[in-house]
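**Q** The structure's right below; bear with me while I get my questions together.
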2 protein chains.
Amino acid sequence: MLRAGMIRQSSAGIYSWLPLGFRVLKKIEQIVREEQDAAGCQELLMPTIQPAGLWRESGRYDDYGKEMLRITDRHDRDMLFGPTNEELITDIFRNSVKSYRDLPQLLYHIQWKFRDEVRPRFGIMRGREFLMKDSYSFDLDYEGARRSYNKMFVAYLRTFARMGLKAIPMAADTGPIGGDLSHEFIILAETGESEVFCHADYLGFDPSARGVDYDDDLQPVVDEWTRLYAATDEKHDADGFASRVPSDKALHTRGIEVGHIFYFGTKYSKAMGATVQHADGSEMPVEMGSYGIGVSRLVGAIIEASHDEAGIIWPESVAPFRVGLINLKVDDSATTEACEQLYSELSSSGVDVLYDDTHERAGVKFATSELIGTPWQLVVGPRGVASGVVEMRSRTGNVDEEIPIESVTSRFTG
Amino acid sequence: MLRAGMIRQSSAGIYSWLPLGFRVLKKIEQIVREEQDAAGCQELLMPTIQPAGLWRESGRYDDYGKEMLRITDRHDRDMLFGPTNEELITDIFRNSVKSYRDLPQLLYHIQWKFRDEVRPRFGIMRGREFLMKDSYSFDLDYEGARRSYNKMFVAYLRTFARMGLKAIPMAADTGPIGGDLSHEFIILAETGESEVFCHADYLGFDPSARGVDYDDDLQPVVDEWTRLYAATDEKHDADGFASRVPSDKALHTRGIEVGHIFYFGTKYSKAMGATVQHADGSEMPVEMGSYGIGVSRLVGAIIEASHDEAGIIWPESVAPFRVGLINLKVDDSATTEACEQLYSELSSSGVDVLYDDTHERAGVKFATSELIGTPWQLVVGPRGVASGVVEMRSRTGNVDEEIPIESVTSRFTG
């Protein structure tokens, strides 16, 4: 990513997103947003700086340790840069919702978080300042909470599928809460930082969850996806793994966590007094869950899952540009005219094009284009232009053909 | 805004944007983005937390005072929550651009900033954590810098005009840099915190800058907009005001600053060694300017400029919803069916609708709708539905008519 000019580190674990990287980040963010909206989750935005008082109410101010970036403002008040938002959303909830009539509620935001890691590593995969989507569900009872959990489970399958990722939901630790409502969504990758164990058949599952209706009972979808063995090392059970997975299907590898969904019941609502009145008049703490996706981390995870020696191979849905337009001879007026014509036609048809009109050699241009990884390359040179054709190549190598210049735009819009 | 449920304060000067307020914030952000893009400015994203080292290079670490939120990380490194980004963007520039061939450059980002105000006030107008769009220009010489400045000048006129605001560019202080290249864009409002003096004819100017071509010379547009007297109190010259403005045109009032553009030459590039090689081989510090728009502040400024006693009157371009759909009798199945039909038709045609299907009395629903300020209200009741009509009212009060139910959608899409 550094080589491709996508990001630049400003201090340990803190990055600037240069125009190319920023486009990818925005596309990923938009897919996450669309799938949250589709699941009936409402977007809001909480600030980065939070008052320590709320974290004292939940008891996490002292528990959180040195990963929390603690700040003192000019009036000597204790503040912090939010590593997550359970406390703040619970505070918003308790001040606005009082009755069972206003439940369920699913709320999310996409905001920069900070965790002061001792040794930030894996570039943006484990940076200190990172962009995260976090959702929170509020329900009257466990059954409602489970429905909210299932919605997020399915939304996550769809979200990662749209980015070309095979994310496997793995049983994850629930801590003192217990139960089975905690899953990490993990991309298998040997460079990943988590050790994982799972059934190989997961790799053949279709995660697109096409035609799902969020008003339906989603339990069958969740059951199908949790039927086979899949667990992180925290939850791994060697005997269960051996008995449930035939040895030729047993995958023991590493992975990258890209999402985590978690039901935690009344942990925060009890501590912070977030109660709702039930139909029978009783006041009970609301049932909650939280659901995170590492938006900036996903940029790294997608690259990890899709690259070769020459560089990145972007899935079309998140590519910074769909087409790389390569002018092989900038000095040749016919070639440059053809390129400019193509650039203007494609752009005005809504196709994102990155035009290489530098004076570099062809080899350098090809290498740059492959490093950046646009899904398509259009190679325009004097000989082709003379006979009315350009070369169209896919980054994956599956397509490489000469096509008439006048049919280029329709190839990308048709 | 608090009453309308748009925001909620989490600590002094720090707010959460609830779903309604968030929608307005996003619409304003998107208008700002589109006009920056149209002017040829490239978007990137710098982090909120910056290393103190860069600010020591520019000399501002000690100068900035208590408004800078200073932070020490777990390794005792001095960091800060960026109040602005001149240092960081200069660092990015000096590491990636070396030659006159890569100039000019116009870069921007839209990111949360923090200024630790002693007494945060005016709600989100002068909060501590605020969303700002800041652009930076890099040019070879003064003439180039002036062209960049003019681009941003025109982009700002267009940006504010799209939000229904009359923003007047006023001569502002340039500090030790001197010259005339600093303007604050100010909305006149008696509650504003700046004292301003200007010619009343500005209020009749058309700021839409329609059909502008950013490749043209924009000096005539800038000249037209700076011909008459307009200055903040810092730059006010009582004699000049008296001689240049007839007394019946002399406005002495208050205003809200929503944008500031500023040419500062080589102030940062010299201090931080951001040089470029000119065509003659010489190395010179690059000429810079910075250009800010207060995105979150604009939400407050628009409300200040457009409200009545009942609540907010949103311009259509930034309204959280375009239409408020009011069901007068939720228990009546024909009325509710008509409402649901309208809601689904309008939504699927891309019209943002806020549907009030609560059990409140009609009077409460009208009051809520006027407080929230959707530009249009559709009032659906049993009598109207029986004769196939609904009431369509504009928030401004200019339109109030009965229209056939089947023509509603085309009124909003046609």
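**Q** Condition first: surrounded by fewer than 20 Cβ atoms within 10 Å (Cβ to Cβ), facing chain B (nearest Cβ under 10 Å) and in contact with a helix residue (DSSP H, G or I) (Cβ under 9 Å, 6 or more places away or on another chain). Now tell me which residues in the range A:21-49 satisfy that.
**A** Hits for the range A:21-49 are A:Gln42, A:Glu43.
**Q** Out of all the residues in the range B:232-250, is one or more outside any helix (DSSP H, G or I), of a type outside the set (Val, Ile, Thr) and within 24 Å of the chain's Cα centre (by Cα)?
**A** No - not one qualifying residue is present in the range B:232-250.
**Q** Surrounded by 20 or more Cβ atoms within 10 Å (Cβ to Cβ), among the charged types (D, E, K, R) and modelled with pLDDT of 95 or more - does that describe any residue in the range B:161-174?
**A** no
**Q** Criterion first (more than 16 Å from A:Ser16 (Cβ to Cβ) and touching a Phe, Trp or Tyr at 6+ places or on another chain (Cβ under 9 Å)) does B:Leu45 satisfy it?
**A** no
**Q** Sticking with this structure for a sec: Which strands (runs of 3 or more DSSP E) does the range A:310-414 wholly contain that include 2 or more residues that are over 36 Å from the mean Cα position of the chain (by Cα), aromatic (Phe, Trp, Tyr) and over 30 Å from A:Leu298 (Cα atoms)?
**A** Qualifying strands (runs of 3 or more DSSP E): none found.
**Q** Which of the numbered conditions does A:Val295 fail, given that it passes all the others? Conditions: (1) buried (at least 22 other Cβ atoms within 10 Å of the Cβ); (2) at positive phi.
**A** Just one mismatch for A:Val295, condition (2).
**Q** Can you say whether B:Ile187 is farther than 24 Å from B:Gly211 by Cβ and either assigned to a strand (DSSP E or B) or not aromatic (Phe, Trp, Tyr) (or both), as far as the supplied structure shows?
**A** For B:Ile187, the condition - farther than 24 Å from B:Gly211 by Cβ and either assigned to a strand (DSSP E or B) or not aromatic (Phe, Trp, Tyr) (or both) - is met.
Table: residues versus (1) touching a Ser or Thr at 6+ places or on another chain (Cβ under 7 Å); (2) touching a residue at least 12 places away in the same chain (Cβ under 8 Å).
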{"position": "B:Glu184", "(1), (2)": "yes, yes"}
{"position": "B:Thr191", "(1), (2)": "no, yes"}
{"position": "B:Arg210", "(1), (2)": "no, no"}
{"position": "B:Thr232", "(1), (2)": "yes, yes"}
{"position": "B:Gly240", "(1), (2)": "no, no"}
{"position": "B:Val245", "(1), (2)": "no, yes"}
{"position": "B:Thr253", "(1), (2)": "no, yes"}
{"position": "B:Gly259", "(1), (2)": "no, yes"}
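**Q** Still on this model: Consider the range A:117-141. How many of its residues are modelled with pLDDT under 95 and more than 19 Å from A:Ser194 (Cα to Cα)?
**A** Looking only at that region, the number is 0.
**Q** Which of the residues belonging to the range A:339-388 are among the hydrophobic types (A, V, I, L, M, F, W, C) and more than 27 Å from A:Ser317 (Cβ to Cβ)?
**A** Passing the criteria: A:Ala362, A:Val364, A:Val385, A:Ala386.
**Q** Within the group B:Met1, B:Met68, which residue is at the interface with chain A (Cβ under 10 Å from one of its Cβ atoms), buried (at least 17 other Cβ atoms within 10 Å of the Cβ) and touching a residue at least 24 places away in the same chain (Cβ under 8 Å)?
**A** Only one candidate passes the filter, namely B:Met68.
**Q** Could you check the range A:195-209 and list, in sequence order, the residues that are within 21 Å of A:Ala242 (Cβ to Cβ) and surrounded by fewer than 18 Cβ atoms within 10 Å (Cβ to Cβ)?
**A** Within the range A:195-209, A:Glu195, A:Ala200, A:Asp201, A:Leu203 meet the criteria.
**Q** Based on what the data block shows, is A:Ser347 surrounded by 12 or more Cβ atoms within 10 Å (Cβ to Cβ), touching a residue at least 40 places away in the same chain (Cβ under 8 Å) and of a type in the set (S, T, N, Q)?
**A** no
**Q** Could you list all residues from the range B:317-376 that are among the hydroxyl-bearing types (Ser, Thr, Tyr) and in contact with a helix residue (DSSP H, G or I) (Cβ under 6 Å, 6 or more places away or on another chain)?
**A** Scanning the range B:317-376 gives B:Ser317, B:Thr335, B:Ser349, B:Tyr355.
**Q** Give the residue that is nearest to A:Leu80 (Cα to Cα), with candidates limited to residues of the range B:71-90 that are among the acidic types (Asp, Glu) and surrounded by 17 or more Cβ atoms within 10 Å (Cβ to Cβ).
**A** Filtering first and then ranking leaves B:Asp73.
**Q** Exactly one condition in (1) in contact with a Cys (Cβ under 8 Å, 6 or more places away or on another chain); (2) assigned to a helix (DSSP H, G or I) is false for A:Ile303; which is it?
**A** For A:Ile303, the failing item is (1).
**Q** Still on this structure, please answer the following. With respect to A:Asp73, determine if the residue is touching a His at 6+ places or on another chain (Cβ under 9 Å), over 30 Å from A:Arg147 (Cβ atoms) and within 7 Å of another protein chain (Cβ to nearest Cβ).
**A** no
**Q** Also: Inspect all residues belonging to the range A:118-125 and state whether any of them is over 30 Å from A:Gly211 (Cβ atoms), buried (at least 23 other Cβ atoms within 10 Å of the Cβ) and more than 10 Å from chain B (Cβ to nearest Cβ).
**A** Yes, the range A:118-125 has at least one match.
**Q** Next question, about the same structure. Given A:Lys151, A:Lys133, which one is surrounded by 22 or more Cβ atoms within 10 Å (Cβ to Cβ) and in contact with an Asp or Glu (Cβ under 8 Å, 6 or more places away or on another chain)?
**A** The conditions single out A:Lys133.
**Q** Sticking with this structure for a sec: Applying the selection to the range B:184-194, what residues are of a type in the set (Asp, Glu) and surrounded by 14 or more Cβ atoms within 10 Å (Cβ to Cβ)?
**A** Result: B:Glu184, single match.
**Q** Looking at the range A:247-283 only, could you name the residues that are among the polar types (S, T, N, Q) and over 21 Å from A:Leu54 (Cα atoms)?
**A** Of everything in the range A:247-283, those that are among the polar types (S, T, N, Q) and over 21 Å from A:Leu54 (Cα atoms) turn out to be A:Ser247, A:Thr253, A:Gln277, A:Ser282.
**Q** Quick check on my filter: what residues within the range A:76-106 are facing chain B (nearest Cβ under 9 Å) and closer than 21 Å to A:Lys270 by Cβ?
**A** Answer for the range A:76-106, where residues must be facing chain B (nearest Cβ under 9 Å) and closer than 21 Å to A:Lys270 by Cβ: A:Leu88, A:Ile89, A:Asp91, A:Ile92, A:Asn95, A:Ser96.
**Q** Now for a separate question. With (1) more than 7 Å from chain B (Cβ to nearest Cβ); (2) out of contact with any Pro (no Cβ under 9 Å at 6 or more places or on another chain) as the list, and A:Leu18 as the residue in question, which single condition is left unmet?
**A** Of (1) more than 7 Å from chain B (Cβ to nearest Cβ); (2) out of contact with any Pro (no Cβ under 9 Å at 6 or more places or on another chain), only one is false for A:Leu18: (1).
**Q** Given the conditions (1) free of Cβ contacts under 8 Å to residues at least 60 places away in the same chain; (2) of a type outside the set (Ser, Thr, Tyr); (3) surrounded by fewer than 20 Cβ atoms within 10 Å (Cβ to Cβ); (4) under 26 Å from B:Ala305 (Cα atoms), and given that B:Gln377 satisfies all but one, which numbered condition is not satisfied?
**A** Only one criterion in (1) free of Cβ contacts under 8 Å to residues at least 60 places away in the same chain; (2) of a type outside the set (Ser, Thr, Tyr); (3) surrounded by fewer than 20 Cβ atoms within 10 Å (Cβ to Cβ); (4) under 26 Å from B:Ala305 (Cα atoms) is unmet by B:Gln377, namely (3).
**Q** State the number of residues belonging to the range B:251-292 that are in a loop (DSSP other than H, G, I, E, B) and at positive phi.
**A** 2
The values are calculated or read from the model by the stated rules, or taken from the named source; none is laboratory data. Bear in mind that the values here come from a model prediction, so they are computed numbers and not experimental data. Neighbour counts are summed over all protein chains in view; Cβ atoms, including those assigned to glycine, are modelled from backbone coordinates with ideal geometry.
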